[in-house]
1. Restricting the search to segment B:208-262, which residues are of a type in the set (Asp, Glu), out of contact with any helix residue (DSSP H, G or I) (no Cβ under 9 Å at 6 or more places or on another chain) and modelled with pLDDT of 95 or more?
2. Taking the stated definitions as given, is A:LYS235 over 30 Å from B:ALA188 (Cα atoms), at pLDDT below 95 and surrounded by fewer than 16 Cβ atoms within 10 Å (Cβ to Cβ)?
3. What is the number of the single condition among (1) out of contact with any Gly (no Cβ under 6 Å at 6 or more places or on another chain); (2) more than 29 Å from A:ILE2 (Cβ to Cβ) that A:LEU85 does not meet?
4. Looking at segment A:211-232, which of its residues are surrounded by fewer than 24 Cβ atoms within 10 Å (Cβ to Cβ) and within 13 Å of A:ALA244 (Cβ to Cβ)?
5. For segment A:181-209, enumerate the residues that are in a helix (DSSP H, G or I), more than 30 Å from B:ARG243 (Cβ to Cβ) and at the interface with chain B (Cβ under 7 Å from one of its Cβ atoms).
6. Tally up the residues in segment B:252-285 that are farther than 16 Å from B:PRO160 by Cβ and among the small types (Gly, Ala, Ser), please.
Amino acid sequence: MIKVLPFEEPIVQLKTKIEELKEYTANAEVDMSLEITNLEARLKKLESEIYENMEPWDRVQVARHPSRPTTRDYIQLLCTEFIELHGDRLYGDDAAIIGGIALFEGKPITIIGHQRGADTKENIKRNFGMPHPEGYRKALRLMKQAEKFKRPIICMIDTKGAYPGKAAEERGQSEAIARNLVEMAGLKVPVISIVIGEGGSGGALALGVANHIHMLENSTYSVISPEGAASILWKDASLAKQAAEAMKITAPDLKGMGIIDTVITEVHGGAHKNIEAQAIYMKETLIASLEELEKLTPEELIENRYSKFKNIGEFNE
Amino acid sequence: MSIRDIFRKNQKKKYATIPTEKAKNDVPEGIMMKCPECRKNVFTKDLIKNFKVCPTCDHHMKMTAWERVDIFLDEDSFTSMDDHLETVNPLNFPSYTEKIKADAQKTGLNEAVLTGLGKLDGQQIAIAIMDSHFRMGSMGSVVGEKITRAVEKATELGIPFIIFTASGGARMQEGVLSLMQMAKTSVALRRHSDHGLLYISILTHPTTGGVSASFASVGDINIAEPKALIGFAGRRVIEQTVREKLPEDFQTAEFLMNHGQLDAIIHRKEMREKVSSIVHLHTTKEVAK
């Protein structure tokens, strides 16, 4: 049973009602097919009303939906011959980030992303997709490898943030993130990042210094979680809904601010409703993105990343 | 309880006066200052002469950006850059603009970092000095832009870039724009580095969050002042996640040094000399015979 989010409850209620009527029509003498047709029309209208006018907080909930597709799901649907590669060669292998080589549209690519677990057991193994330094160092190792073999890099961002723990600090969480930012800036191959769920702060950005940044429609990218923002700004974490609006963290918000390149449309109600269809939308964006970037020389790619980030910021001069 | 304990208790109480907001502001102008660490009183004049290091316990007190210019660079060699950049309120946060204005008035800076060109024993450098008296040294669009421009200037002139960091991290009120400043400064540093130029990061108390997780940690040489708080996540957040007591020295400069994150911890009194020497070692063109 897929979890129903509060904002989509009216839809579910109506759906249940239609089912009831259908059952009734099938079993009893009364013909309710006219009512059913009417209700189905209403359902369609209601669905587009609700799903096409989602509030920032609704999107946050979809982004965090337990059944939301993860990096691995997209790799399986977008790529063939995926070979996962492990370890940072320094300390360990962080399961909160996965990466490897695969074929995308027949061409070799390196694909890396935060990896949440599908259930509690896997989430514990993957630390809820919150990496330690070795995760970021593994990602960087794979990116450098991609550069050597001239493969484009695709990064999927899906994390609440880098893990705030004792061991993470001891092993240099700050340095691991900072190093990725600087090294990604200098990569000689195309880099594309897609935010597929939550893009939480520096832990997300460490896979995000890309030539193109795309976001799934119901994903978020922010400096702090809405709850964190609410507790810092208003000393009350329950004001997260308001914070989600004020902080401008949704894909359409970021597109509006000129930070990201594309908002990838999601299937009605969110990617988890139809993963296959969602992967097709993503594939289209990726093909277009790669085609554009493959025309650039290594120097142009670096220059492109430079000017992209150099231009982000609002101030008066 | 011994008689001695009673004495101690009373002594403690004597110090437990709560200064009013006004009194707090008066202190720097006052004749005496109290060390926040050992709580001993020091003559302000002596303290300034001593680089704002407590003569009793060696605690390195916070410095303003201009105070650092005075103790670090050659006299009258500093020219500031980009003081005209003005912070805006992109997310329309209530009272954000007012807070910026108040801090600008208090510190005499346009934002939480002072940047410019200066000389260190006659050697030309580009420098950025963060000031934690301005919005906790947090990084928004203007801080990111000023640092980026200072790095670009260093690249253009082919000179070293030195930064003194002091920051609580990214600035909440500018949302994701603040986060992106981490990337912006990084792309500029990358280019500076690709030109074979020297970058020295000097981490001072406190350097945390997004600043620690970007330019502060990627110097060719990373230096810290003694006992400076340096870390990615806040101590309280970590304590809540790991549910264990953290070591006393957790996230101090010494802790980072022990874990291989720093090249050196340098006392403030020796900072100028040592850094000057590092710059010299990187710019001297003489080849040994």
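The values are calculated or read from the model by the stated rules, or taken from the named source; none is laboratory data. All values derive from a computational prediction rather than experimental measurement. When we count neighbours, we look across all protein chains shown, and the Cβ atoms used for this are built from the backbone with ideal geometry, even at glycine.
1. Hit for segment B:208-262 is B:GLU254, nothing else.
2. Values: over 30 Å from B:ALA188 (Cα atoms): yes; at pLDDT below 95: yes; surrounded by fewer than 16 Cβ atoms within 10 Å (Cβ to Cβ): yes.
Yes, satisfied.
3. Status for A:LEU85: all satisfied but (1).
4. A:SER225, A:PRO226, A:GLU227, A:GLY228, A:ALA230, listed by residue number.
5. Step one: list which residues in segment A:181-209 are in a helix (DSSP H, G or I), which gives A:181-185, A:201-205.
After this cut, where a residue has to be more than 30 Å from B:ARG243 (Cβ to Cβ) as well, the list is A:181-185.
A:LEU181, A:VAL182, A:ALA185 - these are the residues of segment A:181-209 that are in a helix (DSSP H, G or I), more than 30 Å from B:ARG243 (Cβ to Cβ) and at the interface with chain B (Cβ under 7 Å from one of its Cβ atoms).
6. Total meeting the criteria: 3.
Residue-by-condition table, conditions (1) among the acidic types (Asp, Glu); (2) over 29 Å from A:GLU183 (Cα atoms); (3) touching a strand residue (DSSP E or B) at 6+ places or on another chain (Cβ under 8 Å); (4) not in a helix (DSSP H, G or I):
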| residue | (1), (2), (3), (4) |
| --- | --- |
| B:GLY219 | no, no, yes, yes |
| B:LYS245 | no, yes, no, yes |
| B:ASP249 | yes, yes, no, yes |
| B:LYS269 | no, yes, yes, no |
| B:VAL279 | no, no, yes, no |
| B:HIS282 | no, no, no, no |
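Let's see how each residue does on (1) over 20 Å from the mean Cα position of the chain (by Cα); (2) within 11 Å of another protein chain (Cβ to nearest Cβ):
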site: B:LEU157; (1), (2): yes, no
site: B:THR185; (1), (2): no, yes
site: B:HIS195; (1), (2): yes, no
site: B:ILE221; (1), (2): no, no
